[in-house]
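One structure below.
The values are calculated or read from the model by the stated rules, or taken from the named source; none is laboratory data. Note that the coordinates shown come from a computational prediction; the quantities given were computed from them, not determined experimentally. Glycine also receives a Cβ, built like all others from the backbone with ideal geometry; neighbour counts cover every protein chain displayed.
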Amino acid sequence: MLKLVFSLTLAMACASFAVADEADIRKVMEAKLGTKVDSVAKSGYLGLYEVYADGTIFYTDEKVSAIVVGGQLVDAKSMKNVTDERMRKLTAIRFGDLPLDRAIKQVRGDGKRVLATFEDPNCGYCKRLAKEMQKLDNVTIYTFLLPILSEDSVRKSRQIWCSSDRAKAWNDWMIDGKAPAGREDCDTSAITKNQDFGRKLNISGTPTLFFGDGERIPGAVPLARIEQKLNQVK
């Protein structure tokens, strides 16, 4: 049995009113949330509108008399998680817009399939993912160093970036536990820029993966799912 937890926040207006269209809903929601609304669209369920703001999906009715915060909308017939599916679309990017020159590049086999990851060197889930991805072939992997956990993460990221063989230094640490011990005083502006870029993309945790079609998947994804997604992207 699927258990869903809804956090329902009532947002009653001072006077009863009907919001005429999506533009009006955007205006009212921005005032209530105190942040810019990126998009408003009909959800197709229960007359609710989907409001995407600050990396979060909210739901509201046409009068904005109530706001659903943190809820997952599920199609009762198919049991498809509508919210999850929409988040993947709303947070997708253009793969070509990624600053690939600021990533550690590894090419395996023909390298035709592409994958980008944002990772912290002290992230346990990232280490598990790195070990799993050793089994991938015919892929080009771009690893963006994104130290967000600690100052030690920043130091290790700098040492890895300053290594003569960045891919080897990364794999030595993430897979074999051999800590980087080299210099960290080279040009490490790429790491600072990655941190700024990560905030721009609302990346709040590592690892975060981006596939060739721009779809974002957070977390240590099972290898089978990575393979499936890589094969789907032409």
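A few points about this structure:
- Top-ranked residue of region 152-184 - restricted to ones that are among the basic types (K, R) and in contact with a helix residue (DSSP H, G or I) (Cβ under 9 Å, 6 or more places away or on another chain), ranked as surrounded by the fewest Cβ atoms within 10 Å (Cβ to Cβ): R183
- The set of residues in region 95-129 that are within 18 Å of V139 (Cα to Cα) and touching a Gly at 6+ places or on another chain (Cβ under 8 Å) comprises F95, R113, V114, L115, F118.
- When V114 is tested against (1) modelled with pLDDT of 95 or more; (2) β-branched (V, I, T); (3) not in a strand (DSSP E or B), just one condition goes unmet, and that condition is (3).
- Screening E132 against (1) crowded, with 19+ Cβ neighbours inside 10 Å; (2) in contact with a helix residue (DSSP H, G or I) (Cβ under 7 Å, 6 or more places away or on another chain); (3) of a type outside the set (V, I, T) leaves a single unmet condition, (1).
- Single residue of L4, L46, L33 found to be out of contact with any Cys (no Cβ under 7 Å at 6 or more places or on another chain), modelled with pLDDT under 85 and more than 30 Å from V114 (Cβ to Cβ): L4
- Of all residues in region 181-234, those satisfying the criterion of being in a helix (DSSP H, G or I), within 21 Å of A92 (Cβ to Cβ) and not hydrophobic (A, V, I, L, M, F, W, C) are N194, D196, G198, R199, K200, R225, E227, Q228, K229, N231, Q232.
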